[in-house]
Amino acid sequence: MEINPVKGTHDIIADEANLYTMIEQTAMGIAQLYGYKEIRTPVIEHTPLFLRSVGESSDIVNKEMYTFDDKGGRSITLRPELTAGVMRSIVSNKLYANADLPIKYCYVGPCFRYERPQAGRYRQFNQFGVEAVGAPSCYQDAEVISIGHHLLSSIGLRNIKVLINSLGDEESRANYKVALKEYFSKHIDKMCPDCKRRLETNPLRILDCKVPEDIEIVKGAPKMTDYLSDASKAYLNKVIAILKDIGIETEIDTNLVRGLDYYTGVVFEYHFAKTDGIDNIGALGGGGHYANLLAEVGGPSYEGIGLAMGVERLAYIVKSVVNPKLPIGIDFYILGMTEQIIDQNFALADYLRGAGFIIETNYATKSMSSLLKTALRKNAKFAIIIGEDEIAKKEVAVKNLKTQDQTYVKLDDLENVLHSLINAYYADEMKLEGKEE
Ligand code: ATP
Ligand code: MG
């Protein structure tokens, strides 16, 4: 019986897996440029962690968590996001004690949400993120927003829209919720069941509704910006100005509230602005300021700011719009036409891999023409051919599979010559790319 992958999961294979690795390494490398240290927390956490942090009025807690009782009867949840686990870890390991504030961590790893699978939306997906805790400042908020922007441009994405908003301080937010409740009460009969629940638990959540009819009603709702205190307004404008100074344009979106309950103050999202020929996959990433999260999970009342980007969504956009790079392929395919040559090739392949080349070779005898076809199919740049003559002369033949040029190389000099052949090959590729543009 064939067993299918679990709905909403996907296998990431070969070139696509390379792309994911490239994105994740780029992301972690950039975070480290800003002084963030890596943190790896467990995929499973006690369920109350998410109830308290992500929040009981969020869609994630209400309908999307993978929660089960373990064999000891404890309620366990597969993490739907990583911020809560990072906060829990800061508390469990007392990472705040004697620390130079802010403490800054970056992470990448899988998350699980029971959502309806569609373009850019999976039940297991990967997030990259950063958290900076303990030294609230508009510069700190701007730094985190700029890290996401830095990542997007490093992986070749232009046309990025950065949306920003402020959820204000507690008093502004409370006043705003009253105004929203009053407005939505008049329309709630026509709205989705989730919004009916949200009106009672947290009317802010309604602004995040993705049902088209509800979005129309949301358009007429009171705007957060009209309820912000002067201090919150000045803070938001300062963050916008700091970013503008380093060339990052932002756009205020008064309906931007984000899907998690813990945000206070500045919130933001990154969107890919070009839409033609590309699926609507929602935000590439987002985040915001949180004033009470660490205290909520048992730590000191340090404020923080965080960012999370969806690796699947980034990979999708890179694949769709950035010139797809050549598959990496292999450097040299070593042909073995006889058992004796195959026997010698094994050690030669081992030696050349040690010198840093990507090498493949065959273990079952085949004809030269069939091996050359294999080498081409595998995107090998060169074939290394060793016959009776070559063995006698202590040399190998190296064939460029694109130009068909063949050179003979003495074994003594092999490593150096192969390096210069590969360098010349890449130099040639770059010239070709330049011509095409
Ligand atoms: P959305 O509004 O698209 O549902 P969200 O508000 O739930 O996003 P966060 O919880 O802040 O998003 O997660 C940060 C990022 O993780 C998102 O911007 C997105 O890129 C990615 N992400 C969230 N949910 C999924 C999912 N189910 N599949 C793939 N990526 C996701
Ligand atoms: Mg969501």
Worksheet item: Does region 85-93 contain at least one residue that is within 16 Å of ligand 1 (Cβ to nearest atom) and not in a helix (DSSP H, G or I)?
Response: no
Discussion item. Residue under question is Val108, and the condition is that it be crowded, with 23+ Cβ neighbours inside 10 Å and either touching a residue at least 60 places away in the same chain (Cβ under 8 Å) or more than 16 Å from ligand 1 (Cβ to nearest atom) (or both); does it hold?
Written reply: no
Discussion item. For the list (1) free of Cβ contacts under 8 Å to residues at least 40 places away in the same chain; (2) within 16 Å of ligand 2 (Cβ to nearest atom), I need the number of the one condition that Ile103 fails.
Written reply: (2)
Item to complete: Scan (1) part of a strand (DSSP E or B); (2) in contact with an Asp or Glu (Cβ under 8 Å, 6 or more places away or on another chain) for the single condition Gly109 breaks and write down its number.
Response: (2)
Practice prompt. May I ask you to verify whether Lys238 is within 30 Å of the chain's Cα centre (by Cα), part of a loop (DSSP other than H, G, I, E, B) and surrounded by fewer than 17 Cβ atoms within 10 Å (Cβ to Cβ)?
Written response: no
Worksheet item: Picking from Ala355, Ala375, Ala383, which residue would you name as being surrounded by fewer than 21 Cβ atoms within 10 Å (Cβ to Cβ), among the aliphatic types (A, V, I, L, M) and farther than 30 Å from Leu101 by Cα?
Response: Ala355
Response to the item:
Residue pairs within 8 Å by beta carbon, gap of at least six or interchain, first lying in region 57-79 and closer than 27 Å to Ile206 by Cβ, second acidic (Asp, Glu) and away from ligand 2 (no atom under 15 Å from the Cβ), listed first then second, are Asn62/Glu56; Thr77/Glu45; Arg79/Glu45
Practice prompt. For residues that are closer than 30 Å to Arg121 by Cβ, without any contact (Cβ under 8 Å) to a residue 40 or more places away in the chain and surrounded by 13 or more Cβ atoms within 10 Å (Cβ to Cβ), tally how many sit in region 314-352.
Written response: 1
Practice prompt. Could you please let me know if Glu24 is touching a residue at least 24 places away in the same chain (Cβ under 8 Å), open to solvent by less than 60 Å² (accessible area, probe 1.4 Å) and of a type outside the set (Phe, Trp, Tyr)?
Written response: yes
Worksheet item: Got a sec? Which strands (runs of 3 or more DSSP E) wholly within region 360-434 have at least 1 residues that are farther than 23 Å from Asp350 by Cβ and not hydroxyl-bearing (Ser, Thr, Tyr)?
Response: 395-400, 406-410
Fill in: Residues satisfying the stated conditions in region 266-289, i.e. more than 12 Å from ligand 1 (Cβ to nearest atom) and buried (at least 24 other Cβ atoms within 10 Å of the Cβ)
Val266, His289
Discussion item. Looking at Ile147, Ile217, can you tell me which residue is open to solvent by 10 Å² or more (accessible area, probe 1.4 Å) and assigned to a helix (DSSP H, G or I)?
Written reply: Ile217
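The values are calculated or read from the model by the stated rules, or taken from the named source; none is laboratory data. What you are looking at is a predicted structure, and each value in this text was computed from that prediction instead of being measured. Counting neighbours? That spans all protein chains shown, and the Cβs are built from the backbone with ideal geometry, glycine included. Heads up: the accessible areas ignore ligands, DNA and RNA and are worked out on the full protein's heavy atoms, side chains in. Shrake-Rupley method; radii C 1.70, N 1.55, O 1.52, S 1.80 Å.
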